[in-house]
Amino acid sequence: MDQQFDFRALLVKLQDCLSDNDRRRLHFIVGDTIPRHLRDDPTLGGTLSLLESLFDRAKISEQDFDYLIQAFQEIHCYEAVKRLKGLNCDFKRKLKI
């Protein structure tokens with residue numbers, strides 16, 4: 001599998017770790033970064049659309065997802081932070097950075 005697929009697969013798995021309140025907080029914390037209609041939809045589908053919007057706006061990519069790590073830290077989703085930081089280390093090892 002490629003790096004982008006692995007990253008997107010992890011983002012889907014992270015959704016299982018988020019409560020409804022976590023999703024609401026994530027939508028709130030990204031604020032004006034995403035369109036209002038996405039902010040107002042904290043469902044699973046709405047959160048996946050939020051993530052897609054962050055890709056489209058170049059806020060996150062499979063090489064740089066510090067923005068997402070920071071957002072999860074701010075809303076106290078430490079399991080998501082741990083998984084994203086671990087993935088970052090794995091990607092760097094593969095790229096030999």
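None of the figures in this text is laboratory data; all of them are computed from the coordinates on show. Everything numeric here is computed off the predicted structure, so don't read it as measured data. Note that we place each Cβ from the backbone using ideal geometry, even for glycine, and neighbour counts take in every protein chain shown.
Summary of values
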quantity	calculated
Sorted by Cβ density within 10 Å, fewest first, the residues CYS77, CYS17	CYS17, CYS77
Cα convex hull of the chain, projected area averaged across orientations, nm²	5.7 nm²
Relative contact order %, the chain, counting alpha carbon pairs below 8 Å whose residues are six or more apart	28 percent
In degrees, nearest ten, helix 3-15 long axis to first principal axis of the chain (Cα)	40 degrees
Stretchable slack from ASP32 to ASP16, in nm (0.36 nm times residue separation minus alpha-carbon distance)	3.3 nm
Packing-based exposure ordering (other Cβ within 10 Å, fewest first) of SER49, SER19, SER61	SER19, SER61, SER49
Helix axis angle, 44-56 relative to the chain longest principal axis, alpha carbon, degrees	60 degrees
The chain - mean residue ellipticity at 222 nm from DSSP helices (-39,500 (n - 2.57) per run, n ≥ 4, rounded to 500)	-21000 deg cm²/dmol
In order through the range 76-86: 3J(HN,Hα) via Karplus (6.51 cos²θ - 1.76 cosθ + 1.60), integer Hz, x for Gly, Pro	6, 9, 6, 5, 5, 4, 4, 5, 5, 5, x
Cα long-axis angle, helix 20-29 against the chain (0 to 90 degrees, to the nearest 10)	90 degrees
For PHE28, PHE65, PHE7, order by how many other beta-carbon atoms lie within 10 Å, fewest first	PHE28, PHE7, PHE65
